[in-house]
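Worksheet for the structure shown next.
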Amino acid sequence: MIIRSSTALVRPGMLDEFRAFIEGGITEFATLDGFLGDEIVVGPDTLTYVSRWRDTAALVGYAGPGWRTEPVVLEDEDRFLVAPLRVRHVELRQAVPDDAPGIADVWHAAWGDGHHGLVPPALEAVRTRESFGPRAASRVPSTTVAVADGRPADGQPADGGAAGVVGFVTVHGDEIEQVFVAATHRGSGLAAHLLSDGEDRVAAAGHAEVWLAVVAGNGRARRFYERQGWSDTGPLDYRAETAAGPVAVPTRRYVKRLAGER
C-alpha cells in the first residue's frame with residue numbers, strides 16, 4: 001500500500017471553504033481502480049488530503065506518470081492556495097533484512113521519546129542504540145515497515161531527510177509487540193495505518209482478539225489506542241527482554257476484538 005499526502009497552505013480565512021471544495025471534488029475517487037480510502041487532515045492554516053492506493057500502478061492511474069512529484073490539482077483550486085501543493089508518499093510493505101538498521105534507528109529514538117522516565121532505570125540503561133540492532137533484525141519476518149519516498153513536489157528531501165524507514169509495526173502471535181513512528185511523521189496519521197496493518201496480520205493468523213502493552217505513564221499513547229477502538233483491561237507487569245534477563249515494566253494491557261479475517 002502507498003499512502004499519498006498532498007498538503008496545501010491555505011489563504012487566511014478560506015480553510016472551511018477549501019475543505020468543502022475538496023470534499024466536493026473527490027467524490028468520484030472511490031470508483032478508481034486501486035483506491036483504498038482517504039481522509040482530510042486540517043491544521044491551523046493547512047489542509048492535507050491523504051489517500052491510500054494499492055500499488056504504483058494504481059497511483060499512476062490516478063496521478064499520471066509523474067505521480068512521485070506532481071500534485072493532482074482540481075480546477076480552480078489555486079485560488080485557495082498560498083503556495084503549490086506539497087506531495088509526499090509513504091509505502092507500507094513487508095520488511096526485508098536491509099530494513100533492519102532503519103527499523104533500529106526509528107525504534108531507538110521513538111522508544112526513548114515514549115519511555116524516558118516512565119520505565120525502570122535498569123531498562124533505560126540497557127536500551128542503547130546498539131541494543132536495538134539485533135532485536136530489529138530478529139523481527140524482520142513479522143514486521144511491516146513504512147518507507148518514505150523522500151521526493152515531494154518541491155524537489156527538497158522530505159522532512160529534512162532522504163527515503164528510508166519512518167515507522168514500523170511488529171506482531172508476535174496475537175500481540176502487536178511494537179508500533180513506532182519517526183518524529184518527522186508523527187501527527188500524519190501514519191501510526192493509525194501501521195496499527196491497522198498489525199491488526200490485519202493478527203486477524204489473518206486466525207485470532208479473534210489482539211492485545212498490546214502500553215507503559216502506564218504514557219498518556220499520549222494510551223489516548224491514541226483508545227481513539228483507535230482499543231480498551232484498557234487493567235495493569236500488566238510486562239517482562240521486557242534484555243541481555244541480562246527480563247525486566248518487569250508496569251504497563252496497561254489493551255485489547256481489541258477483531259471482526260474475523262480482515
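Residues checked against (1) under 20 Å from Ala146 (Cβ atoms); (2) in contact with a Cys (Cβ under 8 Å, 6 or more places away or on another chain); (3) aliphatic (A, V, I, L, M); (4) surrounded by 13 or more Cβ atoms within 10 Å (Cβ to Cβ):
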site: Ala8; (1), (2), (3), (4): no, no, yes, yes
site: Met14; (1), (2), (3), (4): no, no, yes, yes
site: Phe18; (1), (2), (3), (4): no, no, no, yes
site: Glu23; (1), (2), (3), (4): no, no, no, no
site: Ile26; (1), (2), (3), (4): no, no, yes, yes
site: Val41; (1), (2), (3), (4): yes, no, yes, yes
site: Ala58; (1), (2), (3), (4): yes, no, yes, yes
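Of everything in region 178-212 that is outside any helix (DSSP H, G or I), within 18 Å of the chain's Cα centre (by Cα) and small (Gly, Ala, Ser), the residue that is surrounded by the fewest Cβ atoms within 10 Å (Cβ to Cβ) is Gly187. Restricting to region 160-177, and then to whatever is closer than 24 Å to Val42 by Cα and in a strand (DSSP E or B), can you tell me which residue is nearest to the chain's Cα centre (by Cα)? For region 160-177, the residue satisfying everything is Gly167. Just checking, which of Thr56, Thr48 is within 14 Å of Leu15 (Cα to Cα) and modelled with pLDDT under 95? Result: Thr48 is the single residue among Thr56, Thr48 that is within 14 Å of Leu15 (Cα to Cα) and modelled with pLDDT under 95. Among the criteria (1) over 27 Å from Ala146 (Cα atoms); (2) under 24 Å from the mean Cα position of the chain (by Cα); (3) among the small types (Gly, Ala, Ser), the one Ala83 does not fulfil is (2). Exactly one residue out of Gly43, Gly37 is on the phi > 0 side of the Ramachandran plot and not assigned by TED's automatic domain parsing to the domain that holds Thr242: that is Gly37.
Can you pull out every residue in region 218-247 that is surrounded by 16 or more Cβ atoms within 10 Å (Cβ to Cβ) and not aliphatic (A, V, I, L, M)? Explain how you work it out, then say what you get.
Within region 218-247, the subset surrounded by 16 or more Cβ atoms within 10 Å (Cβ to Cβ) is 218, 221-222, 224-225, 230, 236, 238, 240, 247.
Of everything in region 218-247, those that are surrounded by 16 or more Cβ atoms within 10 Å (Cβ to Cβ) and not aliphatic (A, V, I, L, M) turn out to be Asn218, Arg222, Phe224, Tyr225, Trp230, Tyr238.
Number of residues in region 36-58 that are more than 14 Å from Thr7 (Cβ to Cβ) and not in a strand (DSSP E or B) equals 5.
The values are calculated or read from the model by the stated rules, or taken from the named source; none is laboratory data. Note that the structure is predicted; figures quoted are calculated from it, not measured. So basically every Cβ, Gly included, is an ideal-geometry build from the backbone, and we count neighbours across all protein chains shown.
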